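The values are calculated or read from the model by the stated rules, or taken from the named source; none is laboratory data. Computed from a prediction, not measured in an experiment: that's the story for all the values here. Glycine also receives a Cβ, built like all others from the backbone with ideal geometry; neighbour counts cover every protein chain displayed.
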Amino acid sequence: MARKSKQRVDELRGLSDQDLAKELEETYRQIFTARLQLSTRQLANTSLARQTRRQLARIKTIQRERELAALHQAAAGDES
């Protein structure tokens, strides 16, 4: 199972910033839908909400890594 999530993270890292933002927006929609279905007892796969939250965390982590890398490069550029 760890291998499957590793592949997914590699796929996310390969996306552009705009595509990653679209993926983030879609994940928020999936979370909303899963929560709604869970509360109305329509969701058969109860682990879906948890999986979607983890996907959201992966996307936000990658965005933060890119943000920090950009800040680090800007700081390194200022020093030289």
Assess whether ARG58 counts as being touching a Lys or Arg at 6+ places or on another chain (Cβ under 8 Å) and either basic (Lys, Arg) or assigned to a helix (DSSP H, G or I) (or both).
yes
What is the one condition in (1) surrounded by 13 or more Cβ atoms within 10 Å (Cβ to Cβ); (2) at pLDDT 95 or above that ALA49 does not satisfy?
(2)
Kindly list the number of the only condition in (1) in contact with a helix residue (DSSP H, G or I) (Cβ under 6 Å, 6 or more places away or on another chain); (2) among the small types (Gly, Ala, Ser); (3) outside any helix (DSSP H, G or I) that fails for ALA49.
(3)
Filter result for ARG66 (under 17 Å from VAL9 (Cβ atoms) and assigned to a helix (DSSP H, G or I))
yes
Residues (exposed (fewer than 14 other Cβ atoms within 10 Å of the Cβ) and in a helix (DSSP H, G or I)) located in region 27-46:
TYR28, ARG29, PHE32, LEU36, SER39
Search result, residues across region 62-80 that are in contact with a helix residue (DSSP H, G or I) (Cβ under 9 Å, 6 or more places away or on another chain) and either surrounded by 12 or more Cβ atoms within 10 Å (Cβ to Cβ) or among the hydrophobic types (A, V, I, L, M, F, W, C) (or both)
ILE62, GLN63, ARG66
